[in-house]
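One structure below.
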Amino acid sequence: MDFHFTKAEEAFRAEVRSFLDANLPASDPPTEAELRAWNHALGEKGWLGFHWPKEHGGYGGTLIEQFILKEECSARRAPPLGSDFMGLTWVGPSIIMHGTEAQQQKFLPELLAGDSVWCTGYSEPDIGSDLAGLQCRATRDGDEYVINGSKIWTTLAHKAKYIFMMVRTDPGASKYKGITCLLVSMDRPGIEVRPIPALTGVHSFNQVFFNDVRVPVDSRLGEEGQGWMVVVRALANERSGISEATEKLRHLDDLIALARETRRGGRPASEDAAVRRALAGFQAKISAMRLNGMRYLTKQLRGEPAGTETSVNKLVRGQLEHEMWNLSNALLGSSAQHEGKWQTGSLGYHGTVIGGGTPNIQRNIISERILGLPKD
Ligand SMILES: Cc1cc2nc3c(=O)[nH]c(=O)nc-3n(C[C@H](O)[C@H](O)[C@H](O)COP(=O)(O)OP(=O)(O)OC[C@H]3O[C@@H](n4cnc5c(N)ncnc54)[C@H](O)[C@@H]3O)c2cc1C
């Protein structure tokens, strides 16, 4: 593994830095107008679909360039790259990989222009980790599918224009073979979105009900019964996106600042040996995550898919979230009950740990598919 960057890659890093100098929002958190301007500047530069191929309107950035871009953005605490995380990270790439030309022409330009928001319909009231057991049905009727069932924890369904969803088209087939992926417009008659309040008070989750929702057969992404293949690739994209080490470095910077500001036994908490040990441990884990990330990157550069290994960083990240937010609560003591940045974070981090697959599921993946251990 070579940890050095080429001259061209260093030149790209300089380009990113000057883009950030010119376009980073002045306020923290940014205003709506600043966010619009930021996304507009990214769109102009072609960086919204950064890793998408040029023939699909993307920038065609290399994996290394993408790594550099994300690292620099995170170091400067830049807002997310685009307003539609799900659309840009896994829906778009899935449409590029499995979509018909008509689907690509319909969905990709509006995704890149920031004119659509996508939500993702995997989980159901009785189905989460065991995703392949999903029950939401789509029955073929002439040139249409008729969808009946429900999806839950659907992030942003109340704002989304489309849903990228998995349905069961063949209940007689084996669990994995009877699943199909559909791209459905959220304004179809029979779709009802009900909000689910979250611990932090932010409206993000919903339950979505489908009552005899009719969609044309050409809403199908890939072949009938091939939905599992689509979802496995989309999930690898989701997990590799979640496991960003640089974002945790910024969290650690904030935690170190908090340790300097708060006091233990009349002295700054940052002078307490136990606190220092904990902070040093976080630093070591984050460095390990970064190096692990480079390992996936090296694999991808050799033309191999970043598959199940992304579960390792997802698992480490989950443990880190738990330990880091616990330390901030301990440092704040009774003032941890007040409302603020640290308090909201310590209520909200569970979402990052569970979303995209729980820690136990990552352990199962690592033990069975990476270590080759038996299932029972
Ligand atoms: C922030 C956030 C955003 C989300 N956004 C979406 C979204 O947009 N769309 C969507 O479809 N879903 C979304 N989800 C749902 C998410 O995918 C599920 O919550 C997750 O897959 C877990 O499923 P579950 O909640 O049904 O828990 P369960 O699967 O019921 O798990 C409960 C517990 O049992 C353990 N467990 C389950 N099976 C096993 C096993 N085989 N071996 C060992 N332990 C096991 C789990 O680890 C967990 O501790 C989101 C969740 C969160 C937190």
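Of note:
- Checklist (1) modelled with pLDDT under 95; (2) farther than 25 Å from residue 210 by Cα applied to residue 90, failing item: (2)
- The number of residues in the stretch 117-142 being out of contact with any strand residue (DSSP E or B) (no Cβ under 6 Å at 6 or more places or on another chain) and over 21 Å from residue 176 (Cβ atoms) comes to 3.
- The residues in the stretch 44-61 that are open to solvent by less than 50 Å² (accessible area, probe 1.4 Å) and part of a helix (DSSP H, G or I) can be counted, and the count is 1.
- Test set (1) modelled with pLDDT under 95; (2) in the same structural domain as residue 129 (by TED's automatic domain parsing); (3) over 21 Å from residue 128 (Cβ atoms) - residue 204 fails condition number: (3)
- For residue 229, the conditions (1) open to solvent by 30 Å² or more (accessible area, probe 1.4 Å); (2) more than 16 Å from the ligand (Cβ to nearest atom); (3) modelled with pLDDT of 95 or more; (4) under 22 Å from the mean Cα position of the chain (by Cα) are fulfilled apart from (3).
- For the stretch 139-189, residues that are open to solvent by less than 10 Å² (accessible area, probe 1.4 Å), over 15 Å from residue 220 (Cα atoms) and among the hydroxyl-bearing types (Ser, Thr, Tyr) total 1.
- Candidates 298, 308, filtered to the one that is in a helix (DSSP H, G or I) and either farther than 27 Å from residue 273 by Cβ or assigned by TED's automatic domain parsing to the domain that holds residue 266 (or both): 298
- Reported count of residues in the stretch 317-369, each being modelled with pLDDT of 90 or more and more than 14 Å from the ligand (Cβ to nearest atom), is 11.
- Taken over the stretch 207-226, the criterion of being over 17 Å from residue 135 (Cβ atoms) and outside any loop (DSSP other than H, G, I, E, B) is satisfied by 214, 215, 216, 217, 218, 219, 220, 221.
- The residues on offer are 250, 263, and the sole one that is at pLDDT below 95, open to solvent by 50 Å² or more (accessible area, probe 1.4 Å) and basic (Lys, Arg) is 263.
- Residues in the stretch 62-80 that are under 17 Å from the mean Cα position of the chain (by Cα) and open to solvent by less than 50 Å² (accessible area, probe 1.4 Å): 8 in all.
- Residue 132 being within 28 Å of residue 359 (Cβ to Cβ) and either over 23 Å from the mean Cα position of the chain (by Cα) or open to solvent by less than 20 Å² (accessible area, probe 1.4 Å) (or both): yes
- Identity of the residue in the stretch 26-42, within 21 Å of residue 66 (Cα to Cα) and touching a helix residue (DSSP H, G or I) at 6+ places or on another chain (Cβ under 7 Å), that ends up least open to solvent (accessible area, probe 1.4 Å): 38
- Selection from the stretch 127-178 of residues that are at pLDDT 95 or above, basic (Lys, Arg) and not in a strand (DSSP E or B): 159, 161
The values are calculated or read from the model by the stated rules, or taken from the named source; none is laboratory data. Remember, predicted model here, so these are calculated numbers, not experimental data. Every residue, glycine as well, gets a Cβ built from its backbone with ideal geometry; the counts of neighbours run over all protein chains shown. Keep in mind that these areas ignore ligands, DNA and RNA; they rest on the heavy atoms of the full protein, side chains included. Shrake-Rupley method; radii C 1.70, N 1.55, O 1.52, S 1.80 Å.
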